[in-house]
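The values are calculated or read from the model by the stated rules, or taken from the named source; none is laboratory data. These numbers were taken from a predicted model, which means no experiment stands behind them. Note that each Cβ is placed from the backbone with ideal geometry, even for glycine, and that neighbours are counted across all protein chains shown.
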């Protein structure tokens, strides 16, 4: 019998969804959008429609269909040209990019080196207050000797310099966004933004200057649907055409039974973690407390039950597919007895009420409330009291960026270059310069990360990052949870969708739309 009201409510909702699924199995629901339009459901609204300011996953999903960059990451983790026809190093401090000719923004203007130069200068301008400024701190200069050549010069030998070219490009003289102007600036990608309604929807239409394959969608509607049950129902009803990485695993078997739906699952690079705040609560500076929390979390139970096996237990930020991955690190299997022992040694004995004098605040969103509740129960089992504070995403994200939390669980999307460790763990990369939101500091970590940046030999870089991964696992600025699989639920009328390990939706630009009869699965 379920005694927890939250669990009971959720069980009833899932049961209701399963009953709806059973009622419509074998039926073909009508499409909910006009011909040539597809709807994609997102759980969060984009935080910014300008790629110089966007940092959230929802923003990335939308913006990557609107904007292009000098280079893009290949599946191997290396970078290949996008706007750049070619690029090459000129010594240890310069990279020269040669742009493709004839690329046009959605307003018809040709994209030239002037636009590239302006984009980077605007990010570096302190008055713009771009959150991406810290990532460009080693960019000494960017020059445009002619319309189709860009020269980047770093302030020192900088091995990850090519990754700087992954910044999306906006037209020259594009002003910073304001609350009254939420439409994205023109981009050179396959779509352009025609409307933005915060917390409701984002509508994209084809960029008339970007070639579109035959029978591909003319319009994409990104609908903001925070409730996972509603997202699942919209898939069943044919209102939504695609949802990625935001459908509760519990209902995937029921959705798989729908004739009009298909489910694609593949290994992903999305990294879920718990961050500890070293500045906000001095008790979390004690490594014994952090390790006790690590041993208290039964990650296998969560992955196998709540997530229905749609994730892999993580040892760190990088997945095993990454060239710099090292699995030779400290691991924290579920061991509540060891957790209790560590807490006793740290000076937190059990009190009369069966708990310890250790109460922490965990920030989350309604979307992740169930996961937070699981953490709460597991920590209570070892005597730690976890207060859950749930806020809508904008407030949650603002609190996290300002370091206003004890513990928080977040998600890094699609990390390619291990230099990302610098952005999250170097002591100089605290907000707003970088993403070290927990204010972690370790001189040896700083030394290794900064040394790796000036090391060009791949084997030497790999050795340095192996040591970085060992320190990160020992110190626990993050408790690594899992790498989430890419799980896509889509209408069979969408053909040719290719899932990416980082959850990218960019293949929406090249899918084809078939008629309902053509989309039916074979008997």
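A few comments on the model shown:
- Picking from residues in the range 175-191 that are over 20 Å from residue 35 (Cβ atoms) and at pLDDT 90 or above, the one that is surrounded by the fewest Cβ atoms within 10 Å (Cβ to Cβ) is 175.
- Just one of the numbered conditions (1) crowded, with 21+ Cβ neighbours inside 10 Å; (2) within 27 Å of residue 334 (Cβ to Cβ); (3) in contact with a helix residue (DSSP H, G or I) (Cβ under 8 Å, 6 or more places away or on another chain); (4) modelled with pLDDT under 95 is not true of residue 412: (1).
- Some residue of the range 230-240 being within 23 Å of residue 314 (Cβ to Cβ) and in contact (Cβ under 8 Å) with a residue 40 or more places away in the chain: no
- Qualifying positions in the range 462-497 - in contact with a helix residue (DSSP H, G or I) (Cβ under 6 Å, 6 or more places away or on another chain) and over 27 Å from residue 418 (Cα atoms): 489, 492, 493, 497
One line per residue, one yes/no per condition, for (1) under 24 Å from the mean Cα position of the chain (by Cα); (2) closer than 25 Å to residue 269 by Cβ:
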position	(1), (2)
428	yes, no
435	yes, yes
444	no, no
449	yes, yes
458	no, yes
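- Where strands (runs of 3 or more DSSP E) sit wholly within the range 239-314, those with at least 3 residues that are assigned by TED's automatic domain parsing to the domain that holds residue 471 and in contact with a strand residue (DSSP E or B) (Cβ under 8 Å, 6 or more places away or on another chain) occupy 261-276, 311-313.
- Residue 226 in contact with a helix residue (DSSP H, G or I) (Cβ under 9 Å, 6 or more places away or on another chain), surrounded by fewer than 18 Cβ atoms within 10 Å (Cβ to Cβ) and either in a strand (DSSP E or B) or modelled with pLDDT under 95 (or both): no
- Applying the criterion of being closer than 20 Å to residue 230 by Cα and part of a helix (DSSP H, G or I) to the residues of the range 360-384, the residue that is modelled with the lowest pLDDT is 367.
- Failed criterion for residue 397 (all others in (1) at pLDDT below 90; (2) closer than 24 Å to residue 163 by Cβ; (3) out of contact with any helix residue (DSSP H, G or I) (no Cβ under 8 Å at 6 or more places or on another chain); (4) not in a helix (DSSP H, G or I) hold): (4)
- If you go through the range 377-403 and keep only what is touching a strand residue (DSSP E or B) at 6+ places or on another chain (Cβ under 8 Å) and either surrounded by fewer than 18 Cβ atoms within 10 Å (Cβ to Cβ) or not assigned by TED's automatic domain parsing to the domain that holds residue 284 (or both), you end up with 380, 385, 387, 388, 389, 390, 391, 399.
- Residue within the range 339-347 that is within 17 Å of residue 412 (Cβ to Cβ), touching a helix residue (DSSP H, G or I) at 6+ places or on another chain (Cβ under 6 Å) and modelled with pLDDT of 95 or more present: no
- Some residue of the range 127-139 being crowded, with 16+ Cβ neighbours inside 10 Å and more than 27 Å from the chain's Cα centre (by Cα): no
- All positions within the range 437-454 that are in a loop (DSSP other than H, G, I, E, B) and farther than 28 Å from residue 373 by Cβ: 441, 442, 454
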